[in-house]
């Protein structure tokens, strides 16, 4: 009678060996990265990717080596936000793929950089019946390969820009069990706050360290007078964080310049550190670093 190992190596496929090799490669990559942080929202439309890009910029300007994994496979945007053109070809070597280099030397790996054209969608091409496979098994496999096959090199921080929805956290938790923590992001609207509480509850139940809650687009900054006004009507986000027993990292005003063109290699934070939004981002990063330092002792 054949054993499981016999079946796994029938036909020369050596499935077990392939899995072990892939895990060893993944571990080798991640061991060179000091801290891995996931940024997620539970709900789309809260400016998570723009915030991720500018948190990375703030860290880079402080002298840290930073990378970003764009884990939003179906709606990737990090490469564009950091000024990496779609037509830029990734350098492939026998050991893996070199990440793209965005503004401020931030290393990036995104599905967007693997697509043939800028407007090409990510599609599972085996027919409608297979779309559920892409969302679950194939998505996890793709994330594993993006992490393991990318030559990240030594990094101080790897930021993981998560797709909307709290269910994807399971995949990242399995791939990166030593995750330093999660930054939860909401906007001050009742619906967004309602959804983010579900994400906080799930991550707490999973035992995922929660760094804290950020209120993005807290107010609107007038580009003419720098005065702030309300954009949304919702509950007190700071009170929500206290109710859920997590740290409130800060409120970030919306600035129209934050979504500007980065093809020149410039980032909003680098250009406008002294703006209300720039100062707020810096304050959030300070609290993230405080959490990392206190939990690294």
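The values are calculated or read from the model by the stated rules, or taken from the named source; none is laboratory data. Nothing here was measured: the structure is a model prediction, and the numbers come from that model. FYI the Cβ positions are ideal-geometry reconstructions off the backbone, even for glycines, and counts take in every protein chain you see.
Residues in segment 225-243 that are part of a loop (DSSP other than H, G, I, E, B) and either farther than 18 Å from residue 213 by Cα or touching a residue at least 60 places away in the same chain (Cβ under 8 Å) (or both): 225, 226, 227, 231. Exactly one residue out of 63, 75 is out of contact with any helix residue (DSSP H, G or I) (no Cβ under 7 Å at 6 or more places or on another chain), surrounded by fewer than 22 Cβ atoms within 10 Å (Cβ to Cβ) and either at pLDDT 90 or above or outside any loop (DSSP other than H, G, I, E, B) (or both): that is 63. For segment 35-55, residues that are modelled with pLDDT of 90 or more, surrounded by fewer than 23 Cβ atoms within 10 Å (Cβ to Cβ) and out of contact with any helix residue (DSSP H, G or I) (no Cβ under 9 Å at 6 or more places or on another chain) total 0. Picking from residues in segment 201-214 that are modelled with pLDDT of 95 or more and touching a helix residue (DSSP H, G or I) at 6+ places or on another chain (Cβ under 6 Å), the one that is surrounded by the fewest Cβ atoms within 10 Å (Cβ to Cβ) is 210. Of everything listed in (1) assigned to a loop (DSSP other than H, G, I, E, B); (2) crowded, with 21+ Cβ neighbours inside 10 Å; (3) at pLDDT below 90, the single unmet condition for residue 188 is (3). For segment 28-60, a residue qualifies if it is assigned to a helix (DSSP H, G or I) and under 11 Å from the mean Cα position of the chain (by Cα), and the qualifying residues are 48, 49, 50, 51, 52, 53, 55, 56.
Yes or no: residue 127 farther than 20 Å from residue 172 by Cα, modelled with pLDDT of 90 or more and exposed (fewer than 15 other Cβ atoms within 10 Å of the Cβ)? Spelling it out, it is not the case that residue 127 is farther than 20 Å from residue 172 by Cα, modelled with pLDDT of 90 or more and exposed (fewer than 15 other Cβ atoms within 10 Å of the Cβ). Among 217, 169, which is modelled with pLDDT of 90 or more and surrounded by 13 or more Cβ atoms within 10 Å (Cβ to Cβ)? So the residue among 217, 169 that is modelled with pLDDT of 90 or more and surrounded by 13 or more Cβ atoms within 10 Å (Cβ to Cβ) is 217. For segment 80-115, a residue qualifies if it is surrounded by fewer than 24 Cβ atoms within 10 Å (Cβ to Cβ), under 26 Å from residue 257 (Cβ atoms) and at pLDDT 90 or above, and the qualifying residues are 101, 103, 104, 105, 107.
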